1. Could you grab me the full set of residues in segment 206-231 that are within 11 Å of Met172 (Cα to Cα) and buried (at least 20 other Cβ atoms within 10 Å of the Cβ)?
2. Tell me which of these Cys101 doesn't satisfy, since it passes every other one: (1) at pLDDT below 95; (2) crowded, with 18+ Cβ neighbours inside 10 Å; (3) under 25 Å from Asp229 (Cα atoms).
3. With Ala215, Ala236 as the choices, which residue is among the aliphatic types (A, V, I, L, M), assigned to a helix (DSSP H, G or I) and modelled with pLDDT of 95 or more?
4. Is it fair to say Val85 is in a loop (DSSP other than H, G, I, E, B) and within 19 Å of the chain's Cα centre (by Cα)?
5. In segment 147-164, is there at least one residue being part of a loop (DSSP other than H, G, I, E, B) and at pLDDT below 95?
6. Restricting to segment 127-146, give me the number of residues that are outside any helix (DSSP H, G or I), closer than 26 Å to Phe228 by Cβ and either of a type in the set (A, V, I, L, M, F, W, C) or within 17 Å of the chain's Cα centre (by Cα) (or both).
7. For Arg69, state whether it is assigned to a loop (DSSP other than H, G, I, E, B) and out of contact with any helix residue (DSSP H, G or I) (no Cβ under 7 Å at 6 or more places or on another chain).
8. Across segment 191-212, what is the number of residues that are part of a helix (DSSP H, G or I), more than 12 Å from Gln3 (Cα to Cα) and either modelled with pLDDT of 95 or more or not hydroxyl-bearing (Ser, Thr, Tyr) (or both)?
Amino acid sequence: MEQVFYQREWQGIRLAELPPEHADVAGPRSYAAFYDRLLAHEPAIPANRLAHKRRIGEWLRDEVLRGQRPETARVLSIGAGLGLVERPLWEHGYQVDVLECEERSLRYVRARQPDARAMLGDARAIPCADATYDVVYMVTVDYCFSRSDYRRALAEMGRILRPGGRAVCVCMSNLAWPAMMTRALRTLLGRAKTDARGQVAWGYLRTVGDHIRAAEAAGLRSRQVYLFDPAHRLRAVREPSAWNFRWPTWHDAVVGVVFERASE
């Protein structure tokens, strides 16, 4: 199941004031304008946002990259934004390249991490050769893609993985059981469109099972599902053998799925 979600503002910026896209949800034009406004006065990044992003970076470092030597591992971050997740990896000596769909945030990253390779491009056609990276990840990015485009992005992530490599999606637009039931009730009562007034179609909500099915269609196999609380603290891990491996979560959660190429 996949549902469009609507949003009024992000980091204090009213989304209705951004230029409209030629697609169903926000895309490169919206994000370029968003970062222009956000970075116009070099605002301080809230401490809680820094802490949340750092926890995900530390989890990638300690769990996904465990056993990988910083001097030899190659890592790619898709949709890196301001490079907040990447900081713990860079501090630990990992070579983390970044890919973004707009130039404004890339300039911000380049100014603060000049050694990082910062690329402008599309996750659905990653401008990298086959078998380049040991780990490829996207954090809070999958919501930008429709079901078919998400599969294309996952297939691209698999294409550029080295043998034994890992692809990772950390999703904050998780579709949990309560949200599914609430949306169904509002639709039944004819309130769904009324509730969205004054908001912008910003992305897609998807369940744990949606991630796993998209990966399978892209030639990837799901290794683990990690569940984090809203502050990005790890709470549970699901293994493929678990009865609820593909099930939606019972509560709001940040979902992290680790994939590998199905042929390995």
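1. Arg206, Thr207, Phe228
2. (3)
3. Answer to the check: Ala215.
4. On the way: in a loop (DSSP other than H, G, I, E, B): yes; within 19 Å of the chain's Cα centre (by Cα): yes.
Here the answer is yes, as Val85 does meet what is asked.
5. Scanning segment 147-164 turns up no residue that is part of a loop (DSSP other than H, G, I, E, B) and at pLDDT below 95.
6. 9
7. The answer is yes for Arg69.
8. The initial filter retains those residues of segment 191-212 that are part of a helix (DSSP H, G or I), namely 192-195, 208-212.
Still in the running and more than 12 Å from Gln3 (Cα to Cα): 193-195, 208-209, 211-212.
Remaining after also requiring either modelled with pLDDT of 95 or more or not hydroxyl-bearing (Ser, Thr, Tyr) (or both): 193, 195, 208-209, 211-212.
Of the residues in that region, 6 qualify.
The values are calculated or read from the model by the stated rules, or taken from the named source; none is laboratory data. Only a predicted model underlies this, so the values are computations on that prediction, with no experimental measurement involved. Methodologically, a virtual Cβ is constructed for each residue, glycine included, from the backbone with ideal geometry; neighbour enumeration extends over all protein chains shown.
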